[in-house]
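I have placed the structure first, in the form of structure tokens, so that the comments after it can refer back to it.
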Amino acid sequence: MKAIMVVGTTSHAGKSLLTAALCRILSRRGWRLAPFKGQNMALNAYVTANGGEIGHAQAVQAWAAGITPAVEMNPILLKPQGDMTSQVIIKGRAVGRATALEYYEQYFQPGWQAITDSLQTLGAEYDLVICEGAGSPAEINLKHRDLTNMRVARHLNANTILVVDIDRGGAFAHVVGTLQLLEPEERALIKGIVINKFRGQRSLLQSGVEWLEKYAGIPVIGVIPWIEHDFPAEDSLDLFDRPTKKTKGDITIAVIRLPRISNFTDFDPLDAEPTVNLKYVSPKQDLGHPDAVIIPGTKATIADYTILQQTGMVTAIKEYVASGGTVLGICGGYQMLGKVIADPEGIEGNDSQRCEALGLLPLSTLITPQKVVRQRQVTSNYPQFGLPISGYEIHQGRSRQLESQGVKPLFDDPYLGMVDSTESVLGTYLHGIFDNGPWRRAWLNLLRQQRGLHALPNGISNYREQREAMLDAIADVVESHLDLKPILPS
């Protein structure tokens, strides 16, 4: 199997972005290829056509390659729950919950089997696989059980790129240290070094590049400049790295930054709206007076709601609604808008098994072992009737509407969401709702109307077209600063 591997000296070095860029660059050159990440730890997930969960970044990389996302592109997904455990998802299906030690004891062999089986499937269908590592390949305490870095590279005999983030400082030490800690046969696979996120005058870096190439005996195949982009984040730490918009939007939307926030890629389309100022608010911060508040998804609904209670954010949200503010809850945030959330079997791994929620919608939720993971195609009832809507569900809770008065369904499937009679409180289980351009604009126009602002045109394309343009722009920049000859398979 022909393969290229991308590993990084650290987390957040730019592996996901570089992998996506390579997928777009090489697919434009005629390669039929697929992305691959053996094991990913992330709370941003995507649902494939057959109802399997994979990391959202691998879905974006598949779109960059011009293909449909599949579970084989991310055979192991770990979703941290905040109690020192993670939900383990293999080949798209949740198979259990484990601590780090339990995971390596119980899932190492089945995990490696899933990885090799997936690679075999991809190898039969595609000419090339672009593989992404995780974290660092040189964590000496973990290397013997690392499923996703050099073990994969060695299995595939893949030409490997080592990427380093120079913006954080210490780049040369990171590269040299990583190479020193690799086994000789692993180091032999490193065919090129990429210096990422470079700011400044390229000529001032040249002496360092020449020293590194001489010392390591490996070419520096690219110095990628700092790219202002909206590439989907892997985890909540990436939210701190998001660039601040230079222009001020007409309206402000606040997203509550829950401790276990998940699927916040839902809000990338809002962030891309030039008239929207999107900000993430910690439960400990002042909510302020935004035009709308969004309570996002979470991996542990009761635990995160407890944090909102302890910090006073629950009171702030209720006061905000009482003053006429608009609140939208998605997935776990939708459950929080209801009256009761119960987890009698401790599925979320928390001490609390029941809580009284915000009580803003007539809804009760029971957390159950069976997970709902599926794509959906529905039609809107609100804020505009008859719009075709696509998205996906990922949740363990089953919610029940307690009464019909004072609410109406958001979609033709009433289970997926509701809005109250004032149209100021709404919630849905549908992830990806803002990807639907006409629906997004219709909702934003309601917020704009409250401010006395003119309506925006809502006959626009869905977010995927903006994402395609973003992927092309990133690929163009990377391609102009990257020499692919040393790493392209013969």
Inset, instruction - Mind checking the per residue accessible area of the chain for me, 1.4 Å probe, whole number of Å²? - result: 40
Legend entry - Contact order normalised by residue count of the stretch 367-445, Cα under 8 Å, 6+ apart, percent: 28
Legend entry - Efficiency of FRET between THR68 and GLU403 - r from beta-carbon atoms, R0 35 angstrom, step 0.05: 0.30
Inset, instruction - Could you work out how far the C-alpha centroid of the stretch 73-131 sits from that of the stretch 1-60, in angstrom? - result: 14
Legend entry - Ordering of 336-344, 115-123, 372-380 by packing [mean C-beta count within 10 Å, highest first]: 336-344, 115-123, 372-380
Inset, instruction - Could you grab the relative contact order for the chain? Cα pairs under 8 Å, six or more apart, rounded to a whole percent. - result: 14
Inset, instruction - May I ask you to give the percent of accessible area on the chain that is carbon plus sulfur, with a probe radius of 1.4 Å? - result: 50
Legend entry - Protection proxy ranking, peptides 390-400, 468-478, average beta carbon neighbours within 10 Å, highest first: 390-400, 468-478
Legend entry - Taking the stretch 306-416 and dividing mean pair separation by its residue count, relative contact order in percent (alpha carbons under 8 Å, at least six apart): 20
Legend entry - Order by protection proxy (mean Cβ within 10 Å, highest first), peptides 71-84, 165-178, 207-220: 71-84, 165-178, 207-220
Inset, instruction - Please list, or write none, the aspartates and glutamates whose alpha carbon is within less than 14 Å of the alpha carbon of LYS191, excluding same-chain residues fewer than 8 places away. - result: GLU213, ASP483
Inset, instruction - Wrap a convex hull around the Cα atoms of the stretch 117-170, take a quarter of its surface area, and give that in square nanometres. - result: 4.9
Inset, instruction - For LYS284, list the lysines whose Cα falls under 28 Å from its own Cα; do not include residues on the same chain fewer than 8 positions away. - result: LYS79, LYS245, LYS246, LYS248, LYS299, LYS318, LYS339
Legend entry - Spatial extent of the stretch 321-382: Rg and Dmax, with the Cα atoms as the point set, Å: 13.9, 39
Inset, instruction - Evaluate the distance, in nm, between pseudo-label points positioned 7 Å from the Cα of SER203 and of LEU453 along their respective Cα→Cβ axes. - result: 4.5
Inset, instruction - Give me the compactness ratio for the stretch 1-153, meaning the Cα radius of gyration over 2.2 N^0.38 Å. - result: 0.97
Legend entry - 5 Å-binned pair-distance histogram of the stretch 338-443 (Cα, whole percent): 2, 12, 21, 22, 19, 14, 7, 3, 0
Inset, instruction - Show the residues, 5+ positions off or on another chain, whose built amide H is closer than 5 Å to the amide H of GLY96. - result: VAL88
Legend entry - Gap separating the Cα centres of the stretch 305-331 and the stretch 134-159, nearest whole Å: 44
Legend entry - Value of [θ]222 nm, deg cm²/dmol, for the chain, DSSP H segments ≥ 4, -39500 (n - 2.57) each, nearest 500: -9000 deg cm²/dmol
Legend entry - Solution diffusion estimate, µm²/s, Stokes-Einstein, the chain, Kirkwood Rh from C-alpha pairs, 4 °C, viscosity 1.567 mPa s: 55
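The values are calculated or read from the model by the stated rules, or taken from the named source; none is laboratory data. Values in this document were obtained by computation on a predicted structure and should not be read as measured data. All Cβ positions, even for glycine, are placed from backbone atoms using ideal geometry, and neighbour counts span all protein chains on display. Surface areas here come from the heavy atoms of the whole protein model, side chains and all, with no ligands, DNA or RNA. Shrake-Rupley method; radii C 1.70, N 1.55, O 1.52, S 1.80 Å.
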